[in-house]
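To keep things clear, I will list the structure first and then write my remarks on it.
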Amino acid sequence: MDQRKGLIQVYTGSGKGKTTAALGLALRAVGRGYKVMFIQFIKQDRYETGEVKAAEMLSPYLKFARFGQYPTALDESGSLLPDMDIGESVREALQFARKVIREGEYDLVVLDEINVALDR
């Protein structure tokens with residue numbers, strides 16, 4: 001069994017830039033030949049994004065998995081408003097993330113929007 005040291009980076013805060021920072025990390029990893037799984041917790045039903053299209057071009061090094069719906073109702077701190085129920089999607093995404101991490105196929109696993117999802 002591979003006993004590589006794992007590292008965790010957390011991008012947090014209000015406003016934009018967290019996903020972009022994680023994408024930058026993923027792109028640098030792909031550039032070094034690493035395999036990356038980018039799991040988006042609440043973005044499944046959103047429009048086709050440029051990062052998803054780019055990931056298709058970078059396959060098999062960069063893969064995206066999208067779960068849930070992107071919230072349309074956020075409060076001023078960026079938290080989901082109470083009427084948004086994404087619990088089942090969060091559980092599904094967490095189960096998928098555990099499986100991906102346990103299997104060890106990917107060198108980097110990004111859990112995009114996990115803090116927002118778990119806040120629900």
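Out of the stretch 35-50, which residues are at pLDDT 90 or above and surrounded by 20 or more Cβ atoms within 10 Å (Cβ to Cβ)? Listed by number, the residues that qualify are 36, 37, 38, 39. Scanning the stretch 107-120 for residues that are at pLDDT below 90 and open to solvent by 30 Å² or more (accessible area, probe 1.4 Å) turns up 113, 114, 115, 116, 118, 119, 120.
Output the residues belonging to the stretch 60-69 that are at pLDDT below 90, open to solvent by 40 Å² or more (accessible area, probe 1.4 Å) and not basic (Lys, Arg). If the condition is that a residue be at pLDDT below 90, open to solvent by 40 Å² or more (accessible area, probe 1.4 Å) and not basic (Lys, Arg), then 64, 69 are the ones that fit.
In this structure, does residue 28 turn out to be over 13 Å from the mean Cα position of the chain (by Cα), surrounded by 11 or more Cβ atoms within 10 Å (Cβ to Cβ), modelled with pLDDT of 85 or more and in a helix (DSSP H, G or I)? Walk me through how you get there before you give the answer.
Values: over 13 Å from the mean Cα position of the chain (by Cα): yes; surrounded by 11 or more Cβ atoms within 10 Å (Cβ to Cβ): yes; modelled with pLDDT of 85 or more: yes; in a helix (DSSP H, G or I): yes.
Answer is yes for this residue.
Let's see how each residue does on (1) part of a loop (DSSP other than H, G, I, E, B); (2) modelled with pLDDT under 85; (3) over 16 Å from the mean Cα position of the chain (by Cα); (4) hydroxyl-bearing (Ser, Thr, Tyr):
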position	(1), (2), (3), (4)
52	no, yes, no, no
56	no, yes, no, no
71	yes, yes, no, no
78	yes, yes, yes, no
88	no, yes, yes, no
93	no, no, no, no
105	yes, no, yes, no
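The values are calculated or read from the model by the stated rules, or taken from the named source; none is laboratory data. None of these values were measured; they are calculated from a predicted model. For neighbour counting, all protein chains shown are included, and Cβ atoms are generated from backbone atoms with ideal geometry for every residue, glycine included. All accessible areas refer to the heavy atoms of the entire protein, side chains included, with ligands and DNA or RNA removed. Shrake-Rupley method; radii C 1.70, N 1.55, O 1.52, S 1.80 Å.
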